[in-house]
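Engineer: Handing you a structure now.
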Amino acid sequence: MQLQGDRRDKRTSGSGARGMVMMVVALAMLSGVAARLAYLQVVKGEYHREMADNNRIRLIPNRPPRGRILDRYGQVIADNKLSYSVFLEPLEVRAKRWPEVLGRLSTYVGIPEDQMAKKLRVAGYSSPYPVRILQGADAKLVTLLRERSQELPGVKVDVELLRIYPNGKIASHLIGYTGEISEEQLATRKDQGYRLGDIVGKAGVERLLDLDLHGQWGGEQVEVDAAGQIMRVLGEVPTQAGQDLRLSLDLSLQKAAESALSGHPRGAVVAMDPRSGEILAIASSPTYDPNLLSGRIAPKDWKALQSPDRPLLNRALRPYPTASAFKIIMSAAALQSGKFNPGSSLYAGSGLKVGNRIFKEHDGASFGSIGFVTALAVSSDVFFYQVGLRIGPAKIAEWATKFGFGERTNIGLPSESWGVVPTAEYKMKHFHQRWFPGDTANFSIGQGMLLSTPLQNVVMVSVLGNGGYRLQPHLLLGSLPARDLVGLAPSTIATVRTGMRAVVTSGTAHRVLNGDGLPPNAGKTGSAEHGLTKARQTHAVFVGFAPYEKPEIAVSVFLEDGGHGGSDAAPIARTIYRAYFAAQHQKAKQVQKKAIRSQKPVR
């Protein structure tokens, strides 16, 4: 009996120990489950709720249509058309499966797999926004991808608006082109409503006014079932289209300018209203078709855009020698210096000795004793050598700056150059040489280190056209830019204007711009020498305005290696004047006809 009791005690004590162990294990397991539940519900609760909502709620984003660009009369310069694009939808495929899908897709679209994968990674595998990999897909590719849709999950072919330029190459340098936003651009524009895959302006007006043209994204939040079918719309944010923008540009005049420039390999033309600063035309040669850059560009087309002639370069904004057009500023600087007056005269022989060098008159001519009016008309170098040496390089630089040289016009186009107004400090800094009298002589006739852009030149000549105001050129119709008095005396303006008129009536441009059905006009020709002495070439320059008494249009022409101002650049100005005044005459007739029709008969 005692033995059996001892055995029961031992069994009881053993079972009690085992029970305790089992209870501890059970409590530990329950604690683990509780901790895991707490972690999942409390710590990771928001994450899992979001994941559940992503399985149930989807965002269907709507891209905003880009605003159109119009000329001053409402003619379309940049528009949109429906086009097929290929997208990746990150949420449709698990991250680890995307390499397989992209590998197949690459064989069809011809885009490297790693390039597509990078876009996907940047967007994020949980992004609700589609990732564009190809724009402007042709019908053959669209059909192929739709046929292979089962083996390409997460790949979507959809219709979107593609930027088009209905006038082709016309105004391409001014308007620019669009492209997909870069990571660098996105980093600075996220707070402005931009997203990965947005189409943005890359050059010209497209870039300058992109924020107005872009618009605001919209979209629908929808509930979907397990198969991804939409069950109901939960909310909607309306898409805001980009603004249509009307430029000051006259498309007809732009076409005339580009046609006149087409016979010259490299050059630029700018036409501006000297009363307001409105840009009427900007042409640059060679040009390019911005439609090539809207979608996927062919390798041969891209190679052509990288040719030595640099067709993407807007030469209207690049610096060149001002040549004898600078004599307009020289005349103003001399008359304002107090060392000359409108009746002053100098002897202009066939050359002038400056230091140890003879600075010759162009063509070896000798003009005798002449004043400012004649010196401008015949473009005497020797006359202006003497003027420059007497007033000094500091005074010349001061007035060049007042006319807008050496700084940007602030038209807003990112490729605009500052140009160069040389000084003794500038020469020492860049060439480590001191300033010599010969530098002043070259400076006085627009040669040497002096550089200005065709756009700066049209601003400069407009100062004489509008009575002494330096205007800020602008592209948006109706804007009111800066308008500053340069500080010229009325007698200075009158003398320089008279000289510029003489250029046309009896001087270097009289064979081209005098009469011939044109209104009275004024201008200045120039021929900038460059290159080696034995193979000297000349750029051709012309600046002018018309009509003479009340100017409505100012013109700047520059031709690289284009010959001479009077014989080569001035004829382009003549073409522009004709186109402008013919259009104005036609508009006046239309207004007159409307006025006659609106008159009621008297009884």
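Engineer: Quick one: which of 266-279, 170-183 comes out on top by average Cβ neighbours within 10 Å, and what's the full order, highest first? Show your work: numbers first, answer last.
Structural biologist: Values: 266-279: 24.9, 170-183: 22.1.
So the peptides 266-279, 170-183, ranked by packing, come out 266-279, 170-183.
Engineer: Right, next: Could you give each residue of segment 190-203 its phi-based ³J(HN,Hα) in whole Hz, using Karplus coefficients 6.51, -1.76, 1.60 with θ = phi - 60°, and x for Gly or Pro?
Structural biologist: Working through the residues one at a time gives 4, 6, 9, x, 7, 9, 4, x, 4, 8, 10, x, 10, 7 Hz.
Engineer: Moving on. What is the distance in Å between the Cα centroid of segment 502-573 and that of segment 251-282?
Structural biologist: Each part's Cα centre sits 14 Å from the other's.
Engineer: Using 0.36 nm per residue, how much length does the chain from HIS430 to ARG232 gain when fully extended, once their Cα-Cα distance is taken away? Display every interim value, and only then the final one.
Structural biologist: Working: separation 198, 0.36 × 198 = 71.28 nm, distance 6.94 nm.
Value of the extension gain: 64.3 nm.
Engineer: Take each uninterrupted DSSP H stretch in the chain, measure its Cα extent along the helix axis, and return the ones at 24 Å or beyond whose mean Kyte-Doolittle hydropathy is at least -0.5. All intermediate terms of the calculation are to be shown ahead of the outcome.
Structural biologist: Details: long enough: 2-38 (53 Å, 0.13); 570-598 (42 Å, -0.65).
TM-like helix candidates: 2-38.
Engineer: Determine the shape class of segment 174-216: with a ≥ b ≥ c the square roots of the Cα gyration tensor eigenvalues, call it rounded for a/c under 1.5, and otherwise prolate if a/b is greater than b/c, oblate otherwise.
Structural biologist: prolate
Engineer: Given H placed 1.01 Å from N in the peptide plane, which residues other than close sequence neighbours of LEU134 have an amide H under 5 Å from its amide H?
Structural biologist: Close amide H contacts, sequence-distant or interchain: VAL86.
Engineer: When a/c is below 1.5 the answer is rounded, else prolate if a/b is larger than b/c, else oblate, so apply that to the chain with a ≥ b ≥ c taken from the square roots of the Cα gyration tensor eigenvalues.
Structural biologist: prolate
Engineer: May I have the count of lysine pairs in segment 62-246 with C-alpha atoms under 28 Å apart, counting pairs 8 or more residues apart or located on different chains?
Structural biologist: Count of close lysine pairs: 23.
Engineer: Then there's this: Only bridges with both residues in the chain count here: give the DSSP antiparallel percent, nearest 5. Please report the intermediate quantities before stating the final value.
Structural biologist: Values: 75 of 78 bridges.
Rounded to the nearest five, the antiparallel share is 95 percent.
Engineer: May I pose another question? List the aspartates and glutamates whose alpha-carbon lies under 20 Å from that of LYS300, not counting same-chain residues fewer than 8 positions away?
Structural biologist: ASP138, ASP289, ASP309
Engineer: Starting from the Cα of GLN216, move 7 Å in the Cα-to-Cβ direction to define the label point; list residues of segment 241-273 whose amide nitrogen is under 12 Å from there.
Structural biologist: Residues 241-242 qualify, since their backbone N sits under 12 Å from the label point.
Engineer: Rounded if a/c is under 1.5, else prolate if a/b is larger than b/c, else oblate: which is segment 389-475, with a ≥ b ≥ c the root eigenvalues of its Cα gyration tensor?
Structural biologist: oblate
Quick note: the coordinates plus some simple rules give every number you see, no bench work behind them. Please read all numbers here as calculations on a predicted model, not as lab measurements. Cβ atoms come from the backbone with ideal geometry, glycine included; neighbour counts cover every protein chain shown.
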